[in-house]
């Protein structure tokens, strides 16, 4: 059981790092993937087929991902310290 827990924790950490890199470098692709996942889920759960629900869920997902990796994005757009 301990080995399974370690494997699960490792997989989650790798998935988190991969998602962080993707959100920072490819935000449009991440948004498209979220929309595709919602479209696939709407075939199983017809209540998700509403346009408002799709936009709300994609917006919330992108907001959550942006907050999670916001520090890395901030570091990329913050000007370098100009020391003379």
- Which condition number does residue 51 fail, the rest of (1) free of Cβ contacts under 8 Å to residues at least 24 places away in the same chain; (2) touching a helix residue (DSSP H, G or I) at 6+ places or on another chain (Cβ under 9 Å) being met? (2)
- Message: Which pairs turn up if I take residues in region 1-27 that are without any contact (Cβ under 8 Å) to a residue 12 or more places away in the chain and look for partners that are assigned to a helix (DSSP H, G or I) and surrounded by 12 or more Cβ atoms within 10 Å (Cβ to Cβ) with beta carbon separation below 7 Å, at least 6 apart in sequence or on another chain?
- Response: 22/30
- Task: Provide a single number: the residues in region 26-55 that are modelled with pLDDT of 75 or more and exposed (fewer than 12 other Cβ atoms within 10 Å of the Cβ).
- Result: 9
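The values are calculated or read from the model by the stated rules, or taken from the named source; none is laboratory data. On a predicted model such as this, the values are computed, not experimentally measured, just so you know. Using ideal geometry, Cβ is built from the backbone for each residue, glycine included, and neighbour counts are taken over all protein chains shown.
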